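**Student:** Shown below is the structure under consideration.
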Amino acid sequence: MRFNGSDEYVSTDDLTLAVNAAIQLQRPLLVKGEPGTGKTMLAVQVAKALGVPLLEWHIKSTTKAQQGLYEYDAVSRLRDSQLGDPRVHDIHNYIVKGMLWQAFSADSPVVLLIDEVDKADIEFPNDLLRELDRMEFYVYETRELVKAKHRPIVFITSNNEKELPDAFLRRCFFHYIRFPDKETMEKIVGVHFPELKKTLLREAMDVFFEVREVPGLKKKPSTSELLDWLKLLLAEDIPTDALRSKDRKTIIPPLHGALLKNEQDVHLFERLVFMTRAKGA
Amino acid sequence: MLIDFFLKLKSHKLPVSIKEYLTLLEAMGKGVIGPSVDDFYYLSRAALVKDEANFDKFDRAFAEFWQGVETIPGIEAQIPLEWLLKQVELTLTEEEKKQIEALGGWEKLMETLKQRLEEQKGRHQGGSKWIGTGGTSPFGAYGYNPEGIRIGQDRSRNRSAVKVWDQREYRNLDDSVELGTRNIKVALRRLRRFAREGAPDEFDLENTISSTARKAYLDIHMRPERRNTVKVLMLMDIGGTMDDHIKLAEELFSAAKTEFKHLEFYYFHNCLYDFVWKDNRRRHSERTRTWDLLHKYGHDYKVVFVGDATMSPYEILQPGGSIEYFNEEPGAVWIKRFMDVYPKCIWLNPEPEEIWGYRQSIQVLKELMNGRMYPTTLSGLERAMKVLAK
Ligand SMILES: Nc1ncnc2c1ncn2[C@@H]1O[C@H](COP(=O)(O)OP(=O)(O)OP(=O)(O)O)[C@@H](O)[C@H]1O
Ligand SMILES: [Mg+2]
């Protein structure tokens, strides 16, 4: 199995290489990077390109490692026993399979995405070490060993909110998605808007990268914001000329609210533009 | 050969483990990459480096290693990496070779080249600028570049002339660079983590119920309380050349304000003496006696000094050393008092750590602080927080 990029996802050479290393050596690939750089999308696209099913496990601050294996629904069983439900005699009825179990028991290899692993408790990654290493775990309630029929291809994303334990890191390949340069970004936009006119693309990209350069922004616009903004520009049929200007720093680009989602940032940006304008006048 | 690479990384203080090294070997054995140095660079990075803050260090180590490899005479014979290096082809025509001779020969060209690379590093420039393309530089003019030893990398051939690792693209992710707008968010997160640590436990109702149901006996669970108990007293040197850096530290802590139970700011000038003040503009009219701080803020406060500690040692060690007014007691006495009252007391210094050794006053203050002085870099902050949290 080899990933060679896809029509819907722009993968740089180094990313493609890291993905293939992870696939061939059957180790998890840990992906970090600014928000909106396509970390989550990567797993989706690799699964699609390889033609294998995707299992997504989205992590929250309350997620426990055990939930990825299985949960024993003791409360239901207690209730059923009160109601005299015959199901109560078979404990299997109360074992709820988690994502890892599902991935292990699949009949063909799958891609397993563990999204935003840094949201969980610091212990979370450590609690999954053995399971990810050996690809097996033990179910105490039913006394059975669950072993992966096929080792899943594991993608793990992180937004860097917490540091991850060394023991965990040693077992992964690591890739950091850099914010795309202009060339790469044009390709990404091309994937989403194949029909987009070259001139509009050029102007919009210039505006976008200039806005990103504005000092002091709380949240710089990312790929998702650029894509949203382009969608709006197209929907509103904004002419290319509206983006073009001899001195672009003195106009506020149309629909800039789509690029800057934070109100403070919008104010800051508008103030800067006015100041430049005043100076120029 | 590859073990040298591994050791080179270690000598650059990269936290690489044998396990990861074996992974790299395994990957090479399984043919994950083709015979291309770029591929080797990417693969080894993905296998060995797990934090983008270390990418820049890795780039530097890789450059050193690769330079070493390149200059070994009879390279192919010595290196098990042959398959990689066999691909090294010199794509020069006879005519070009003659032109090189005219320029003083191959050796000379290599020398100049190396020099350029050094210069480029020294000036902290992006990688691609210096190679003349319009025929101004001998390297550009003859279709030859420092990588003119072209390496079998089909895809990259027209992509970049400069080695990826020489571009040092990850420099600003290095956590030993000073705090700035780029990394302040990360700093903040680390500070928040510090604020949360050591919070006492609270009753975990949900977990207790489910665990009790499961075990059929009362099984009480506790979890760390989310609220914060950390109290911080910050004392900052203001009115000097370091104002910007000190402001940054102040902003950083202010941004984390909600995470602390209490956070208090006071200013001093150069060193701590009898008085501090809250509002820098009214420093002469509205002063607070330093004694009052010691009485007002309990010893459970964590004290953070921020300052460049750069002054004449006289200002620390002598009564009357202050440049603002006549202080009865030397600054050193005040610092010692704080150290005695507050077990958790550190100094953040925005000056780069490498120069500390050259300034006597920094040495003196660091000693007074029992060595607890840290640079205002991400890793410095990290070390400082560890000490405060202990
Ligand atoms: N390389 C790429 N090729 C194609 N589309 C991309 C690429 N990178 C990002 N995108 C687009 O940008 C959007 C954001 O991507 P995604 O949600 O995967 O980012 P993320 O890194 O997971 O962000 P977050 O950190 O916020 O979770 C998606 O709509 C995706 O299609
Ligand atoms: Mg995501």
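**Student:** Could you give each residue of the range B:57-65 its phi-based ³J(HN,Hα) in whole Hz, using Karplus coefficients 6.51, -1.76, 1.60 with θ = phi - 60°, and x for Gly or Pro?
**Tutor:** Ordered by residue, 3J(HN,Hα) equals 4, 4, 4, 5, 5, 4, 4, 4, 4 Hz.
**Student:** If you don't mind, another one. Each residue of the range A:47-63 in order: what ³J(HN,Hα) in whole Hz does its phi give by Karplus 6.51 cos²θ - 1.76 cosθ + 1.60, θ = phi - 60°, with x for Gly and Pro?
**Tutor:** For the range A:47-63, the Karplus curve yields 4, 5, 5, 7, x, 10, x, 10, 10, 10, 10, 8, 8, 10, 5, 9, 5 Hz.
**Student:** Tell me, what are the semi-axes, in whole angstrom and largest first, of the equivalent ellipsoid of the range B:4-64 as set by the roots of 5 times the Cα gyration tensor eigenvalues?
**Tutor:** 18, 13, 10
**Student:** Considering only protein heavy atoms and a 1.4 Å probe, what is the carbon-and-sulfur percentage of the accessible area of the range A:39-101?
**Tutor:** Carbon and sulfur: 55 percent of the exposed surface of the range A:39-101.
**Student:** Rounded to the nearest 0.05, what FRET efficiency do B:ILE209 and B:GLN360 give with R0 = 56 Å and r taken as the Cβ-Cβ distance? Could you check?
**Tutor:** With R0 = 56 Å, the Cβ-Cβ based efficiency is 0.30.
**Student:** Accessible area per residue for the range B:8-54 in Å², computed with a 1.4 Å probe and the full protein assembly in place, what is it?
**Tutor:** 34 Å²
**Student:** Right, another one. How much length is gained if the chain between A:GLU195 and A:ARG271 is pulled fully straight, taking 0.36 nm per residue apart and subtracting their Cα-Cα distance, in nm to one decimal?
**Tutor:** Contour length minus Cα-Cα distance gives 23.9 nm.
**Student:** A follow-up question, please. What is the angle, in °, between the Cα long axis of helix A:198-213 and the longest principal axis of the Cα atoms in chain A? Nearest 10 is fine, range 0 to 90.
**Tutor:** Approximately 80 degrees, to the nearest 10.
**Student:** What's the total accessible area buried between chains B and A, using a 1.4 Å probe, rounded to the nearest 100 Å²?
**Tutor:** 2900 Å²
**Student:** From the convex hull of the Cα coordinates of chain A, what is the mean projected area in square nanometres?
**Tutor:** The orientation-averaged projected area of the Cα hull of chain A comes to 19.3 nm².
**Student:** Another question, if that's okay. In the range A:8-56, which residues become less accessible by 20 Å² or more once every protein chain is in place, relative to the chain on its own, using a 1.4 Å probe?
**Tutor:** A:ASP13, A:ASP14, A:LEU17, A:ALA21, A:GLN24, A:LEU25, A:ARG27, A:LYS32
**Student:** Still on this structure, please answer the following. Return the residues of the range A:171-204 for which accessible area with all protein chains present is lower than in the chain on its own by 30 Å² or more; set the probe to 1.4 Å and exclude ligands, DNA and RNA.
**Tutor:** A:PHE173, A:PHE174, A:TYR176, A:ARG178
**Student:** How large is the translational diffusion coefficient of the range A:53-131 in µm² per second when you combine the Kirkwood radius over alpha carbon pairs with Stokes-Einstein at 37 °C and 0.692 mPa s?
**Tutor:** Calculated translational D: 232 µm²/s.
**Student:** What's the FRET efficiency of A:GLU34 with A:ASP133 using the Cβ-Cβ distance as r and R₀ = 30 Å, to the nearest 0.05?
**Tutor:** Here the calculated transfer efficiency is 0.50.
**Student:** Report the convex hull volume per residue for the range A:1-117, counting only C-alpha atoms, in Å³.
**Tutor:** In the range A:1-117, the Cα hull volume divided by residue count equals 133 Å³.
**Student:** For A:LYS187 and A:VAL96, compute 0.36 nm times the residue count separating them, minus their Cα-Cα distance, and round to one decimal in nm.
**Tutor:** Computed gain between A:LYS187 and A:VAL96 is 28.5 nm.
**Student:** Top mean-square fluctuation among A:ILE23, A:ILE156, A:ILE95, Gaussian network model of chain A, C-alpha springs under 10 Å?
**Tutor:** A:ILE95
**Student:** When the expected Rg is taken as 2.2 N^0.38 Å, what fraction or multiple of it is the alpha-carbon Rg of the range A:24-67?
**Tutor:** For the range A:24-67, the normalised Cα radius of gyration is 1.35.
**Student:** When the Kirkwood radius is taken over all Cα pairs of the range A:74-231, what Stokes-Einstein diffusion coefficient follows at 4 °C and 1.567 mPa s, in µm²/s?
**Tutor:** 64 µm²/s
**Student:** Would you grab the residues whose amide H sits under 5 Å from the one on B:PHE265? Only those 5+ places off in sequence or on another chain, please, with H modelled 1.01 Å from N.
**Tutor:** B:MET234
**Student:** Next question, about the same structure. Provide the convex hull volume over Cα atoms per residue for the range A:197-275, in Å³.
**Tutor:** In the range A:197-275, the Cα convex hull volume per residue is 83 Å³.
**Student:** Still on this model: Give me D for the range B:334-381 in µm² s⁻¹, whole number, from Stokes-Einstein with Rh from the Kirkwood sum over alpha-carbon pairs, 37 °C and 0.692 mPa s.
**Tutor:** Estimated via Stokes-Einstein, D reaches 294 µm²/s.
**Student:** Averaged across orientations, what area in nm² does the convex hull of the alpha carbons in the range A:1-54 project?
**Tutor:** 3.7 nm²
**Student:** Starting from the Cα of A:GLU8, step 7 Å toward the Cβ, then list every residue of the range A:30-58 with an amide N under 15 Å from that point.
**Tutor:** Answer for the range A:30-58: A:38-56.
**Student:** Carbon and sulfur atoms: what percent of the 1.4 Å accessible area of the range B:304-390 do they account for?
**Tutor:** 52 percent
**Student:** Once you wrap a convex hull around the alpha carbon atoms of the range A:164-231, what is its projected area averaged over all directions, in nm²?
**Tutor:** 6.4 nm²
**Student:** Quick one: check the C-alpha center-to-center distance for the range A:11-89 versus the range B:21-67, whole angstrom.
**Tutor:** After rounding, the separation between the Cα centres reads 28 Å.
**Student:** Given A:ASN93, A:LEU200, A:GLY36, which one lies farthest toward the positive end of the charge dipole of chain A, if we put +1 on the Cβ of every Lys and Arg and -1 on the Cβ of every Asp and Glu?
**Tutor:** The residue sitting farthest along the positive end of the dipole is A:LEU200.
**Student:** Pulled fully out, how much extra length does the chain show between A:SER81 and A:LEU234, if you take 0.36 nm times their separation in residues and subtract their Cα-Cα distance?
**Tutor:** Taking 0.36 nm per residue and subtracting the Cα distance, the gain is 49.1 nm.
**Student:** Mind pulling the per residue volume of the convex hull built on the Cα atoms of the range B:266-362? Å³ is fine.
**Tutor:** Given the Cα convex hull of the range B:266-362, per-residue volume reads 101 Å³.
The values are calculated or read from the model by the stated rules, or taken from the named source; none is laboratory data. Because the structure is predicted, anything quoted here is derived from the model rather than measured. With ideal geometry, Cβ positions are generated from the backbone for all residues, glycine too; neighbour counts draw on all protein chains shown. Protein only, heavy atoms only, side chains kept; ligands, DNA and RNA dropped before computing areas. Shrake-Rupley method; radii C 1.70, N 1.55, O 1.52, S 1.80 Å.
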